[in-house]
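One structure below.
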Amino acid sequence: MRRRLGIVALASTAAVVMALCVCGCSGDSAQRERTIREEAAKAAAQAKPAVEEAGRAVKAAVDGAKEGWENGKQKTLDLNTANEDELTGLPGIGQHEARRIMAGRPYKDKHELVSKKIMSASTYERLKDDVDVK
């Protein structure tokens with residue numbers, strides 16, 4: 001993409017330089033300015049589709065990066081709404097522990113798993129980044 005933008009800029013610059021060379025030979029400065037303007041307008045018109053395409057490519061790349069960034073975030077499980085199957089998917093949580101978590105609801109803070117003695121601090125440490133209270 002960067003290369004494409006460079007080619008577009010080079011082509012536009014070349015068109016303007018050619019216009020300057022053509023106009024530089026005539027003696028009338030008003031005519032020279034008019035010709036330079038016309039050649040620059042033509043170069044810009046020719047470059048416009050490529051610049052617009054490059055802009056769309058940049059936007060797509062930014063959107064993709066944003067989506068990847070957001071998808072890369074770890075999804076957390078809400079302790080107040082998770083079902084037994086979801087809870088048993090957590091590290092160190094079996095069916096018995098999942099039922100204890102559900103019985104201790106509602107939670108105001110995820111650390112209540114330890115303070116309410118639903119699980120040990122060591123088990124909590126293993127899963128604290130995977131759970132949340134919303």
For this session: Mind listing whichever residues of segment 64-96 are touching a helix residue (DSSP H, G or I) at 6+ places or on another chain (Cβ under 7 Å), more than 17 Å from LYS110 (Cα to Cα) and among the small types (Gly, Ala, Ser)?
Result: GLY94
For this session: Identify all residues within segment 115-131 that are of a type in the set (Gly, Ala, Ser) and within 15 Å of GLY104 (Cα to Cα); write none if there are none.
Result: SER115, SER120
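Throughout, read-outs are computed from the coordinates displayed, never taken from laboratory work. Just so it is clear, the structure is predicted and the values come from calculations on it, not from any experiment. Glycine gets a Cβ as well: all are built from the backbone with ideal geometry, and neighbour counts include every protein chain shown.
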